[in-house]
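Have a look at the structure below, then the notes.
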Amino acid sequence: MSYGPKTWYESKGPERYRRALYTFRYRSLPYPMLDTFDTPNGDSACVRRARSDTPLQALTALNEPLSMETARALAWKTMREGGRTDAERVTYAFRRCVSRKPDTKEEAALEALLKKEELRYADGKRDPWALAAEDPAKPPALPSGATPAEAAAWTVVSRVMLNLDETITKQ
Amino acid sequence: MNCQDNFWRGQDPKQISRRWFFEQCGVGVGAMALANLLAESGLADTPKGDPLAPKKPPLPAKAKNVIFLFMAGAPSHLELFDYKPQLAKFNGTLPPPELLKGYRAAFINPNSTLLGPKFKFEKYGQSGAEVSELLPHFTKIVDDVAIVKSMVTDAFNHAPGQLLMNTGTQIFGRPSMGAWVTYGLGNESKDLPAFVVFSSGKKGPSGGNSCWGSGFLPTVYQGVQFRGSGDPVLYLSNPPGIDADVQRDSLDTIRSMNEMRQGVTGDPEIATRINSYEMAYRMQSSAPELMDLSKEPQHVLDMYGAEPGKPSFANDCLLARRMVERGVRFVQLYHEAWDQHENLTKDIKVNCKDTDQACTALVQDLKQRGLLESTLVIWGGEFGRTPMVQGGSDGRDHHPNAFTMWLAGGGIKPGITIGESDELGFNVINDKVHVHDLHATILKLLGFEHTHFTYKFQGRNFRLTDVAGSVVDKICA
């Protein structure tokens, strides 16, 4: 989808995970997601990129399919490799995002969110796999002792961590 | 922001980013001690004002909102507003050599034969404004607008021309007019961005997103691009598995963690990030409501020629009105299709058909709702077209020496035409209005003296008009 009459088709299989370097570029119309993140047009020289911080970027980082896949991947990695306690796992995922350990307040905020969302997704009104699995009909195997609600809650928490200013901004 | 920006901006030491200080400049234990000193003296407090809070301009203002109908690609003044019988008479002959001295054209050899106007003109309204047969709708609002036939610019290619028209310079990286205005006046809408951009026609403008960039101004003043149909912006809907409650919980945590980080680093750009995320959340409900044209009565849709769900310049014009009603400060509509190097007769007709009715309806609609008084409407492109032919017998090249724009509402004197180009429409001979003068005038109408409206960057005060510009009093009511 784009602002002009051009369409990019979603690649299938491993092609899907090639770097954006290989995304087709029209000279006068950058790929919409990159456009949102200030990529310049290809039809004039650019010596210094404009830098912006807009609600469109927030919407992309929150809701775009790639962002969701990333959040999901971080959630599963954290559940499988991030340690045994919630505290260990929060620290593990947080470090992967911002290269430092969370302080006590940050850790508390993330753990509180984890608990809250676990309850939400365990209430039977929401399908946790709709969030935690790429294909809700074929959910991946859970680590021993874990519940689908937990997987959904970790996806929410991972998505939050990936959307922090500190994760997005490199100063 | 980069390492030196804080200095260039001449920011209050309180606002200098400690993140920058610690992380970029490699300062060690001494800096830690300084941080303690700052904390004790209260200097490390983070300023948390809303950068988009509505502000009063320093001087009395006529206009509160701006709608800029940007006819990107540069429409031919000679086919639309600036009738030249002499050009018809000398059709097929070479222009006088003294006219071409020092003149540079983008593509053609300047010494090409003259091309007479392709369409008929007549005088309309009380004001007797001369308008081409291509703009039958516009003839109904000639008494509401001020036509400026004496525009000049410095650039003869699209990207630099559009940047000059939008940012006051041909170089990338300066703040756009919309960013300046938003910086000066803030946002009156809680649920929509202050500066919104639409794009219709064949492609986006050549100047790209720098046309609505914030340059060295804080990034919160950047224009936000909306799409003309469907989801107004991409990824507005929550992804599968995330409902409104989960989205709110997530944003609450993002916000509080960003605030914690801002408390530690003092980086003012984190405030922008927080604003962006909160605005994104509000737009998830406000934008679909705004974009839903199906609620507009049929006679209004007909007036614009708008069809809900079908992207068009007409839809964008109607959306612009709806945005101004909701307090959006600056709306810019790009329609990129006017670059008629060839097929002038056919293509300019298409463009006029796509835009004439909607531009006219916008002015009429704003007027009948009492919004025109406080809304400045601007129509125009980045330059004009050559009186000389390009590509056989039906095209014109880029021409910076003379072109036409019109303005309406927001303190503009209605029903007048100012300025004059020479007999061939080549050079301006009367009441020359440079792009800088236009900017100075727009700022005046919004309540700013353009020489005082500055932002310090790289050690000096910058203006939209940089070191030029004078207000065109003749078009101000």
Report summary line: Any residue on another chain or 5+ positions along whose placed amide H is under 5 Å from the amide H of B:F457 is listed here as B:F462
Query - Shape call, the stretch B:358-477: gyration tensor on alpha carbons, a/c limit 1.5 - result: oblate
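When the accessible area of the stretch A:11-107 is computed with all protein chains present and a 1.4 Å probe, what percentage of it is carbon and sulfur? Walk me through the numbers on the way to the answer.
On the way: 2850 of 5520 Å².
On the stretch A:11-107, the fraction of accessible area on carbon and sulfur atoms equals 52 percent.
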Query raised in the report: Placing +1 at every Lys and Arg Cβ and -1 at every Asp and Glu Cβ, with all other atoms neutral, what dipole size does the stretch B:47-181 have around its Cα centre, in debye to the nearest 20?
Result: 380 debye
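Taking a temperature of 20 °C and a viscosity of 1.002 mPa s, what whole-number D in µm²/s does Stokes-Einstein yield for the stretch B:246-308 with Rh from Kirkwood over alpha carbon pairs?
Working: Rh = 14.3 Å.
The diffusion coefficient I find is 150 µm²/s.
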Query raised in the report: Using the Karplus equation 6.51 cos²θ - 1.76 cosθ + 1.60 (θ = phi - 60°), what ³J(HN,Hα) coupling, rounded to whole Hz, does each residue of the stretch B:440-457 give in order, writing x for Gly and Pro?
Result: 4, 5, 4, 5, 4, 4, 8, x, 10, 7, 4, 7, 9, 8, 10, 9, 7, 8
Query - J(HN,Hα) series, the stretch A:66-76, from Karplus relation 6.51 cos²θ - 1.76 cosθ + 1.60, nearest Hz, glycine and proline x - result: 4, 4, 5, 4, 5, 4, 4, 4, 5, 4, 5
Query raised in the report: Label B:Q458 and A:K77 with points 7 Å out from Cα along Cα→Cβ: what is the distance between them in nm?
Result: 4.0 nm
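R0 = 45 Å: FRET efficiency of B:K120 with B:D231, Cβ-based, nearest 0.05? List each step's numbers first, then the result.
Numbers: r = 43 Å, r/R0 = 0.96.
Calculated transfer efficiency: 0.55.
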Requested in this report: Roll a 1.4 angstrom probe over the protein heavy atoms and tell me the percent of accessible area of the stretch B:137-260 that is carbon or sulfur.
Outcome: 49 percent
Requested in this report: May I ask you to list the residues of the stretch B:391-432 whose amide nitrogen lies under 16 Å from a point 7 Å from Cα along the Cα→beta-carbon direction of B:T93?
Outcome: B:423-426
Query raised in the report: What angle do you read, to the nearest 10 degrees and between 0 and 90, between the alpha-carbon axis of helix B:344-368 and the longest principal axis of chain B?
Result: 60 degrees
Requested in this report: Would you list, by chain and number, the lysines whose Cα falls below 23 Å from the Cα of A:K138, excluding same-chain residues fewer than 8 positions away?
Outcome: A:K12, A:K77, A:K125
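Too long at a 29 Å Cα-Cα cut-off: which of B:K118/B:K149; B:K118/B:K203; B:K203/B:K367; B:K89/B:K432? Don't skip to the end; give the middle numbers.
Working: B:K118/B:K149 18 Å; B:K118/B:K203 26 Å; B:K203/B:K367 31 Å; B:K89/B:K432 25 Å.
Table pairs above 29 Å Cα-Cα are B:K203/B:K367.
Nearest 0.05, what FRET efficiency do B:C476 and B:K101 give at R0 = 45 Å with Cβ-Cβ as r?
Numbers: r = 35 Å, r/R0 = 0.78.
Result of the calculation: an efficiency of 0.80.
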**Report entry** Unit charges at the beta carbon, dipole of the protein assembly as shown: most positive-side option, B:V428, B:M405, B:V377
**Finding:** B:V428
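Nearest 20 debye, what's the magnitude of the dipole of the stretch B:352-448 about its Cα centre given +1 on Lys and Arg Cβ and -1 on Asp and Glu Cβ? Walk me through the intermediate numbers first.
On the way: 8 positive and 12 negative charges, 70 e Å.
Around 340 debye, computed over the stretch B:352-448.
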Requested in this report: Provide a list, ordered by number, of residues in the stretch A:132-171 showing at least 30 Å² less accessible area with every protein chain present than when their chain is taken on its own, using a 1.4 Å probe.
Outcome: A:R159, A:V160, A:N163, A:L164, A:D165, A:E166, A:I168, A:Q171
**Report entry** For the pair A and B, total buried accessible area rounded to nearest 100 Å², probe 1.4 Å
**Finding:** 5000 Å²
Report task. For B:N343, put the label point 7 Å out on the Cα→Cβ axis and report which residues of the stretch B:172-206 keep their amide N under 20 Å from it. Result -> B:200-206
Query raised in the report: Size of the protein assembly as shown along its principal axes in angstrom, Cα-based, largest extent first?
Result: 89, 58, 47
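Find how much the distance from A:E134 to A:E107 grows on full extension, using 0.36 nm per residue of separation minus their present alpha carbon separation; answer in nm with one decimal. Please report the intermediate quantities before stating the final value.
Values: separation 27, 0.36 × 27 = 9.72 nm, distance 2.75 nm.
Extra length from A:E134 to A:E107 when fully extended: 7.0 nm.
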Report task. Would you please put B:372-385, A:96-109, B:241-254 in order of how densely packed they are, using the mean number of other Cβ atoms within 10 angstrom per residue and starting with the highest? Result -> B:372-385, B:241-254, A:96-109
Query raised in the report: Going 7 Å from the Cα of B:Q368 toward and past its Cβ, which residues in the stretch B:302-328 have a backbone nitrogen under 17 Å from where you end up?
Result: B:302-307, B:315, B:317-322, B:325
Requested in this report: Amide H neighbours of B:V197 under 5 Å, at least 5 residues apart or on other chains, H built in the peptide plane: list them.
Outcome: B:V224, B:Q225, B:F226, B:Q332
Query raised in the report: Which value, in Å², gives the accessible area per residue of the protein assembly as shown when a 1.4 Å probe is used on the protein heavy atoms?
Result: 42 Å²
Query - Amide proton proximity set for B:V145, modelled H, under 5 Å, gap of 5+ - result: B:G415, B:I416
Report summary line: Stretched fully, the stretch from B:K140 through B:E307 gains (0.36 nm per residue minus C-alpha distance, one decimal, in nm) 57.9 nm
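Between A:Y22 and A:V98, what FRET efficiency comes out of the Förster formula 1/(1 + (r/R0)^6) with R0 = 25 Å and r the beta carbon distance, rounded to 0.05? Spell out each step's value before the answer.
Details: r = 28 Å, r/R0 = 1.13.
Efficiency, rounded to the nearest 0.05: 0.35.
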Query raised in the report: Once phi is turned into θ = phi - 60°, what whole-Hz ³J(HN,Hα) does the Karplus curve with 6.51, -1.76 and 1.60 give for every residue of the stretch B:335-341, x standing for Gly and Pro?
Result: 10, 9, 6, 9, 8, 8, 5
Query raised in the report: When the distances between all Cα atoms of the stretch A:44-167 are binned every 10 Å from zero, what whole-number percent does each bin get?
Result: 13, 42, 31, 9, 5, 1
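The values are calculated or read from the model by the stated rules, or taken from the named source; none is laboratory data. In this text, all values refer to a predicted model and were calculated from it rather than measured experimentally. In this analysis, Cβ positions are derived from the backbone assuming ideal geometry, glycine residues included, and neighbour counts consider all displayed protein chains. All accessible areas refer to the heavy atoms of the entire protein, side chains included, with ligands and DNA or RNA removed. Shrake-Rupley method; radii C 1.70, N 1.55, O 1.52, S 1.80 Å.
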